[in-house]
Amino acid sequence: MSDPKPSLGERARALVPDLSAAGATLFLGVPQGLAYATIAGLPPAMGLFASTLPTIIGSLFRSSRHVVVGPTNALSLLVGGAVIAAADHDPLQVGVALALGAAVFQILATVLRLGAVIDYISSPTVLGYITGAGVLIGLGQLHNLTATSGPKGKLWVAIPGWLEALPAASMSSVIFAAGTLVAAISLRLLARKLERKLPEALLVMLAGIVVNLVFDLESRGLRVIADLSPIPPGLPPPSLPSLELTLALAPAAAACAVLSLVESNAVARSIAARTGQRLDTSREFLGQALANLSAAFFSGYPVSGSLSRSALNAQAGARSRASGMITGALMIVVLALAASILDHTPIASLAGLLLVVAWDLVDLPRIRRTLKTSRDDALAFFVTLVATWTLDLDKAIYLGVGVSLVLFLRKARLLTIRELVVNAEGLLQEHALGAPLGPLRRCAAIRLLHVEGALFFGSAGELRRALEGVASEQGVRVIIVRIKRTSGLDMTAAEALAALAESMQGRGQHLLLVGMTPDMMPVLERSGAAAAIGEDGLFPTRGRWFAALEAARQRAFELVGEHGEDCGLDHAQPFLLTGEGVRESE
């Protein structure tokens with residue numbers, strides 16, 4: 001008999017942990033939504049709008065049980081760069097157009113199954129961008145700290161502009177921001193001492209609202225959210241992105257799509273590593289794409305998986321994706337009931353909170369580890385960091401991705417090509433090409449090479465040069481190339497082998513390939529390499545170890561004939577496999 005279905009009461013009790021986690025996540029999501037929209041240069045309400053339907057849709061369609069979708073600090077900074085660049089357009093229209101563009105790119109990535117591509121964007125590259133973003137977010141709040149106005153954009157423009165405006169600074173704003181900063185740090189230290197989580201961001205924001213209302217600081221010049229753009233109560237208003245603006249912002253939208261996927265994937269994997277959940281990358285991509293699509297049509301802006309809210313959601317005991325959906329629904333309730341209260345949030349209070357966020361983004365221990373690990377990691381970090389400060393942020397993302405790919409290709413193209421020679425015990429052992437033989441022996445007419453690594457367009461030149469070097473040595477008649485431990489054979493590498501085979505045949509030499517796996521043979525055949533080498537020169541893998549190598553050796557001795565007499569080996573005998581390696585039979 002099948003198990004009875006759970007009753008309505010049992011289902012309700014099962015949702016209690018998710019409801020509790022959603023409440024905790026909401027307490028963090030409200031101040032973050034307002035603050036991150038400020039980073040993006042958008043109406044603060046858009047940060048809350050982006051935490052409603054996108055959060056619900058993201059949780060509904062992605063596979064992770066704990067990732068909470070919504071606005072994030074690094075992505076908001078990228079959006080802010082686009083808002084500045086498109087200053088002649090309504091910021092709301094820029095935000096929804098970017099969300100639509102990001103959704104389209106992410107849907108394409110889902111359809112084309114490009115999930116593995118994200119793995120090629122290195123951790124130091126992302127760290128460089130996030131570190132640079134942390135500094136920019138902190139410096140970007142200088143005008144909000146002092147209630148001054150001035151130019152935004154590059155560091156060398158924004159900082160001098162802020163210094164020039166300092167004489168007009170509002171002391172009440174500076175004191176309020178400093179108080180917020182001290183309160184946030186104090187609550188964090190208290191939480192550590194109590195060994196429990198406290199909603200410090202929400203508590204500090206609510207305290208700011210209370211102080212503002214009790215002492216009527218708005219009438220004394222304290223700037224609040226309502227001065228930027230009042231939060232409309234109720235559901236997020238529908239929006240219709242401009243297709244023309246979406247196309248114009250395509251480069252920035254693509255950068256948003258990449259950063260969104262990198263962030264959300266990293267968050268999902270980090271939490272899944274602790275919980276043991278298996279993720280479906282295609283569903284993760286699709287959920288993120290649909291979340292951005294909903295943001296585009298309901299007054300949001302590009303969203304991603306939030307590290308802080310997702311981690312809190314998991315730590316608070318969320319058991320299913322329902323927690324994320326409940327979080328989005330609760331945010332709609334907040335908009336309906338508390339919009340007028342949130343309008344009184346001091347801008348200086350958000351600025352103080354964002355300084356804490358900026359400090360958290362600069363992960364000094366991780367930066368030190370990155371710089372110590374390798375020169376390539378340090379290079380990727382510094383290039384992306386400097387690019388974040390000096391270039392448009394979408395271009396900084398592209399440059400960082402480009403550096404990651406270049407470093408990957410540089411490593412992937414490295415082949416290990418060793419010669420197999422016979423030692424004093426009659427065993428085949430690996431020997432560096434061109435190195436002195438010493439007591440080792442090899443046949444002058446027959447050379448046996450062992451290749452490991454990726455055989456693709458990036459390594460084709462290295463393979464060709466190595467084989468041509470051996471083929472040009474005096475007395476060489478046959479080269480046996482064992483490629484069993486290679487991977488990724490593509491058209492370029494296959495054509496390089498074909499060209500070498502034809503060149504050797506023109507000089508009376510022969511190329512034999514050994515150890516091709518089943519997936520390699522179609523590539524060799526379609527590229528013409530199989531025909532160029534000849535059917536009798538191909539020795540695919542066989543059931544018995546080294547059987548293909550033995551067959552190739554026999555064929556090599558048939559080809560060299562009397563030229564193989566100086567090998568000092570009885571070529572009628574095969575190689576025997578021993579516990580130590582391959583030994584000539586005695």
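The values are calculated or read from the model by the stated rules, or taken from the named source; none is laboratory data. In this text the structure is predicted, and so the values were computed from the model without any measurement. Positions of Cβ are backbone-derived with ideal geometry, glycine not excepted, and every protein chain shown enters the neighbour counts. Ligands, DNA and RNA are stripped out before the accessible areas are found, and what is left, the full protein with its side chains, is counted by its heavy atoms. Shrake-Rupley method; radii C 1.70, N 1.55, O 1.52, S 1.80 Å.
If you go through the stretch 84-101 and pick out every residue that is at pLDDT below 95 and either part of a helix (DSSP H, G or I) or in contact with a Leu (Cβ under 6 Å, 6 or more places away or on another chain) (or both), you end up with 2. Whether a residue is touching a Phe, Trp or Tyr at 6+ places or on another chain (Cβ under 6 Å), under 16 Å from residue 28 (Cβ atoms) and part of a helix (DSSP H, G or I) was assessed, and residue 202 passes this test.
Between 126, 104, which is assigned to a helix (DSSP H, G or I) and open to solvent by less than 60 Å² (accessible area, probe 1.4 Å)? Within the list 126, 104, the selection yields 126. Of all the residues in the stretch 347-366, those that are in contact with a Leu (Cβ under 7 Å, 6 or more places away or on another chain) and either over 24 Å from residue 39 (Cα atoms) or modelled with pLDDT under 90 (or both) number 1.
Within the stretch 53-69, the set of residues being in a loop (DSSP other than H, G, I, E, B) and surrounded by fewer than 24 Cβ atoms within 10 Å (Cβ to Cβ) comprises 63, 65. Restricting the search to the stretch 337-354, which residues are crowded, with 22+ Cβ neighbours inside 10 Å and either part of a helix (DSSP H, G or I) or on the phi > 0 side of the Ramachandran plot (or both)? Once the filter is applied, which keeps residues that are crowded, with 22+ Cβ neighbours inside 10 Å and either part of a helix (DSSP H, G or I) or on the phi > 0 side of the Ramachandran plot (or both), the stretch 337-354 yields 342, 347, 348, 349, 350, 351, 352, 353, 354. Residue-level analysis places residue 208 outside the set of residues that are at pLDDT 90 or above, under 26 Å from the mean Cα position of the chain (by Cα) and open to solvent by less than 40 Å² (accessible area, probe 1.4 Å). Listed by first and then second residue, the pairs linking a residue in the stretch 293-319 that is touching a residue at least 24 places away in the same chain (Cβ under 8 Å) to a residue that is among the acidic types (Asp, Glu), with Cβ atoms under 6 Å apart and 6 or more places separating them unless they lie on different chains, are 304/263; 305/263; 318/18; 319/18. When residue 443 is tested against the conditions (1) assigned to a loop (DSSP other than H, G, I, E, B); (2) crowded, with 16+ Cβ neighbours inside 10 Å; (3) of a type outside the set (Asp, Glu); (4) under 37 Å from the mean Cα position of the chain (by Cα), the lone failure is (4). Picking from residues in the stretch 396-440 that are open to solvent by 20 Å² or more (accessible area, probe 1.4 Å) and of a type in the set (Asp, Glu), the one that is nearest to residue 480 (Cα to Cα) is 430.
Listed by first and then second residue, the pairs linking a residue in the stretch 18-38 that is aromatic (Phe, Trp, Tyr) to a residue that is open to solvent by 10 Å² or more (accessible area, probe 1.4 Å) and in a helix (DSSP H, G or I), with Cβ atoms under 8 Å apart and 6 or more places separating them unless they lie on different chains, are 27/201; 27/202; 36/73.
Residue-wise test of (1) open to solvent by 40 Å² or more (accessible area, probe 1.4 Å); (2) in contact (Cβ under 8 Å) with a residue 60 or more places away in the chain.
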position: 225; (1), (2): no, yes
position: 230; (1), (2): yes, yes
position: 237; (1), (2): yes, yes
position: 244; (1), (2): yes, no
position: 255; (1), (2): no, yes
position: 269; (1), (2): yes, no
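Does residue 74 meet the test of being over 18 Å from the mean Cα position of the chain (by Cα), part of a helix (DSSP H, G or I) and at pLDDT below 95? For residue 74, the condition - over 18 Å from the mean Cα position of the chain (by Cα), part of a helix (DSSP H, G or I) and at pLDDT below 95 - is not met.
Scanning the stretch 119-133 for residues that are touching a helix residue (DSSP H, G or I) at 6+ places or on another chain (Cβ under 7 Å) and farther than 16 Å from residue 394 by Cα returns 120, 122, 124.
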